[in-house]
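First up is the structure itself, then whatever we jot down about it.
Nothing in this text is a laboratory measurement; each read-out follows from the coordinates by a stated rule. Since the model is a prediction, treat every value here as computed from it, not as a measurement. We place every Cβ from the backbone using ideal geometry, glycine too, and count neighbours over all the protein chains shown.
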Amino acid sequence: MVRAIAASVFLALSLALVALFVAPRPILAQEALPPNPEIEAVIGGQFDAFRAEDVLEAWEFASPNIQGLFGSPERFGTMVQQGYPMVWNPGDVNFIDLQAFGGLVVQRVEVIDQNGTLHYLGYAMIETENGWRINGVQVLEAPTFGA
């Protein structure tokens, strides 16, 4: 039963994130932002918490929207463990760049998992009264380089 709920919540979150990033809307100007140590600390702190399997601490870095969607740290942890194994147990983590798309702030992150596989993730960030929080994560396509 818990697995079915977790799968349903994971699917709902995945669809919501896809809609967030690909829904038709006016073209937004992309703006490169300078690195933000506070945002990097939030994302890095959540990675550290997942490495330690401290779901309660990882939960604290999630936005109120994400916390409301999952309802409990345990459900959130299960979704991350099953849906984002490269986040649950990352190897190397590198912050690539910070971008704004209209009101959406996205930190791109490069993660090399324990098997040596490279992943690119887009962390949607929101600023709350308690500081920056993670409002969603999307797996991105690897950048391509011209010949």
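Note on LEU140 and GLU60: the extension gain reaches 26.4 nm, defined as 0.36 nm multiplied by sequence separation minus the Cα-Cα distance. In terms of its C-alpha gyration tensor, the stretch 39-140 has an oblate overall shape, because the principal axis ratio a/c (a ≥ b ≥ c, square roots of the eigenvalues) is not below 1.5 and a/b does not outweigh b/c. Remark: spin-label model distance SER72-ASP92 equals 3.9 nm, labels positioned 7 Å along the Cα→Cβ axis. Where both bridge residues fall in the stretch 31-140, DSSP classifies roughly 95% of the beta bridges as antiparallel.
Net length available on complete extension from ARG108 to ALA29 is 26.8 nm, with 0.36 nm assigned per residue and the Cα-Cα distance removed.
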